Structure formats: C-alpha cells, structure tokens
1. Mind listing whichever residues of region 86-121 are buried (at least 16 other Cβ atoms within 10 Å of the Cβ) and farther than 22 Å from residue 23 by Cβ?
2. Which helices (runs of 4 or more DSSP H) does region 1-86 wholly contain that include 3 or more residues that are touching a residue at least 12 places away in the same chain (Cβ under 8 Å) and touching a strand residue (DSSP E or B) at 6+ places or on another chain (Cβ under 7 Å)?
3. Filter region 95-113 down to the residues that are part of a loop (DSSP other than H, G, I, E, B) and modelled with pLDDT of 85 or more, then identify the one that is farthest from the chain's Cα centre (by Cα).
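The values are calculated or read from the model by the stated rules, or taken from the named source; none is laboratory data. All values reported here derive from a predicted model rather than from experimental measurement. Here the Cβ is made from the backbone with ideal geometry for all residues, glycine too, and neighbour counts use every protein chain on show.
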C-alpha cells in the first residue's frame, strides 16, 4: 500500500560513512513506520524498496563518495510492507559525532508526474 506524503512532510536522516543511521527526524520515523530506537544503528537500506534498481544506489554512492551532492527520486519501503516515494537530496561529508564524515539525506514529497518519470527511467535500469 502506498503512503503519499503530505506537502509539509520533510524527512531527514544522518548516517555515518558506512550508511548506518545516526539520526532520523520525526517525519522519517512516522512515514517509514519505525521508532527512532529501531532506526538508530541500522543500515539506511532498512527502507530500501525491492523495486529500486541497484544502479540508482550505485550512482548515489559514487556521487556522494566523490564529495558531490546527489539528488533523485527514491521509492522506499515501510516497516509494514508499504511504500512511499520521495525526492531525495543527499549531502556528503557531514561531520558525525566521532569526527568521521557521514551523509545527510533530506527528502520531500514527489509529485505524481515526477514519480511516473522515475518509474519509467527505473524500468530501463533493470
């Protein structure tokens, strides 16, 4: 079942350099269906949806590891088996508590037109 974000939903998470979640805001927890305690320390791909092509995440990681900001549309999974679409911006080299570099992801609602275009593109990447 699809969960459509509200126009005001803004999902934020921070990970360490290995992609383990260090911080998740209330909107992220609410939409994904996890408590903060369930998310902290987990790999961010806990919300990866099986429909997302590996090539999309390969591009994301190559981009942020090179120090550049990545943007794109992502279909994520929820704890209860549902899904939601977001427009994501991932920032590299965010300093973590231990001084190590990490990543911050900020996500907003994707429009139906944006989702349709992303689905069409992702079909070609499988």
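1. 110, 115, 118
2. Ranges flagged: 26-32, 54-65.
3. Looking at the filtered set, the residue picked out is 111.
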